[in-house]
Amino acid sequence: YGQDWFPPTDATVRGVFLDVPCSATGLGKKQPDVLQTQICIVGTRTAHQNAKATNYAKKINALMELQHTLLTHVIDNVLEVGGVVVYSTCSVLKCESEDQIHRVLNNSSPGSKVEILPFGPDEIPGFGPDAIGADGFIRIVPEVLDGDYRSCDGFFVARLVKIALNKNRSPAQHTVLKQLVETRQINPWGSSDTELRLGERVIERVCRAKHAKQRILSSAR
């Protein structure tokens with residue numbers, strides 16, 4: 001599935017679209033069989049029904065591990081600093097979507113730190129507040145959007161930018177960097193040494209301005 005692929009040593013990868021294998025539960029309207037395998041049967045179940053439920057749970061767990069493996073491989077071994085990965089599923093299950101993003105956010109290594117690069121409410125025509133949540137993820141549930149988009153299948157999309165932690169950068173500077181990327185003041189696709197050095201200078205300048213403002217406010221008190 002790509003977890004063993006590495007870019008050539010002389011190549012740089014600035015963006016990856018990662019459409020991972022998933023349960024395809026977002027296609028339930030067109031393919032009801034993908035939902036039938038998930039029905040939670042309440043009450044007494046036959047041995048066949050129990051076996052079916054157990055097999056499905058194993059399948060989902062295997063998919064979740066594969067999804068995590070692919071995403072962490074892209075972050076750790078494929079993307080360069082400043083690169084963007086777009087992670088998507090055609091699933092309505094949080095365990096394959098939102099939970100996978102939060103898993104890498106919480107567990108990423110110091111050299112492969114990633115942050116959410118949120119989708120804006122007006123960034124994609126037709127996908128407004130009903131499709132883009134406060135966390136900046138795109139989450140489509142069938143029959144929710146208006147007009148021609150009402151027939152959309154269910155799916156999930158998240159966008160992450162790789163911002164490796166600089167050992168000389170304070171937590172406050174790291175927070176500023178995230179804000180600059182989100183507001184497009186630093187190009188998340190930029191990767192050259194010149195662009196990265198420029199980004200560091202912008203961070204330092206913003207932090208100095210914030211510290212100066214705090215000193216003025218403190219002295220005024």
Cα-based equivalent ellipsoid, region 91-161: semi-axes from gyration tensor eigenvalues, Å: 26, 14, 7
Tail beyond 18 Å, pair distance distribution of region 67-120 (Cα, percent): 28
Protection-proxy order for peptides 4-11, 87-94, each taking the mean of Cβ atoms within 10 Å per residue, highest first: 87-94, 4-11
Other-chain or far-sequence residues with amide H under 5 Å of L18's (modelled H): V86, Y87, S88
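Any read-out appearing in this document is the output of simple, stated calculations on the displayed coordinates, not a laboratory observation. None of these values were measured; they are calculated from a predicted model. Cβ: placed from backbone, ideal geometry, glycine included. Neighbour counts: every protein chain shown.
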